[in-house]
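Since every read-out is calculated from the coordinates, none of them should be taken as a lab result. Predicted, not measured: the structure shown is a model, and the values here were computed from it. Backbone-built Cβ (ideal geometry, glycine too); neighbour counts: all protein chains shown.
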Amino acid sequence: MPTFVSSCRHCARVTQRLLTLPARRQRQLLEALWSLSLAWLYVRVLPYRWWARRLGTPLPGVTPVPGVTPESHSQPDNLSVAIGRLVMAINRRCGNPFTCLMMAMAAHWMLGRRHIASRLVLGTRLVPKTPTDADPVLSAHAWVTVGGHVVLGQHDEAFTPITCFVHASPESPLRHGQDR
């Protein structure tokens, strides 16, 4: 069990390392940490109906976004992938306290701030408790896509998309906060 002194030394080392990074990288790290903390607070404290409105325009399943075609974004840009990796790295560094939903919310907000069209997808699947169990349990997962490619929350299992929240790019007819 860490003592107070060892915890303070660890914080001092982390702070010292943070201060050696370029200012742009410092801002990105602090933004990701802030977004993750806010997502944790929303999910743990506030009811779904309150924070779901802050995720973007809700669409059923993985409905195509008007004006955005998969061909227009054949590969996600480096910034989108970097944001996904940054959020996952902070989660690992903090000891994995954030769920896939919290990480997806943080990355989705960060992409939205940069006017990158993204989609936060919520999906479910049935998983047996044990290989011989006849009663499966419902498993949920959240992930973020940019141009049809997953940038955070990669998964090998077949999740059925239930709903998605869209932050459309400024050129798209569907903008955050507007009706469908």
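Annotations
- Taking the fewest neighbouring Cβ atoms within 10 Å as the starting point, the ordered list for Ser37, Ser80 is Ser37, Ser80.
- Sparsely packed trypsin sites (Lys or Arg not before Pro) within region 104-171, loop by DSSP, other Cβ within 10 Å at most 15: Arg114, Lys129
- With a Förster radius of 41 Å applied to the beta-carbon distance between Ala140 and Arg25, the computed FRET efficiency rounds to 0.80.
- Residue-span extension gain [Ala82 to Arg113] - 0.36 nm each, minus C-alpha spacing: 9.7 nm
- Positive dipole terminus of region 96-176, leading residue within Val121, Ser139, Ala107 (C-beta point charges): Ala107
- Assigned charges on the beta-carbon of Lys, Arg, Asp, Glu; region 22-167 dipole about Cα centre (debye): 700 debye
- Between the residues Gln154, Trp51, Leu30, the greatest Cα displacement towards the positive end of the dipole of region 22-167, with unit charges on the Cβ of Lys, Arg, Asp and Glu, is found for Leu30.
- The Rg/Rh ratio for region 22-167, using Cα coordinates for both the radius of gyration and the Kirkwood hydrodynamic radius, is 0.98.
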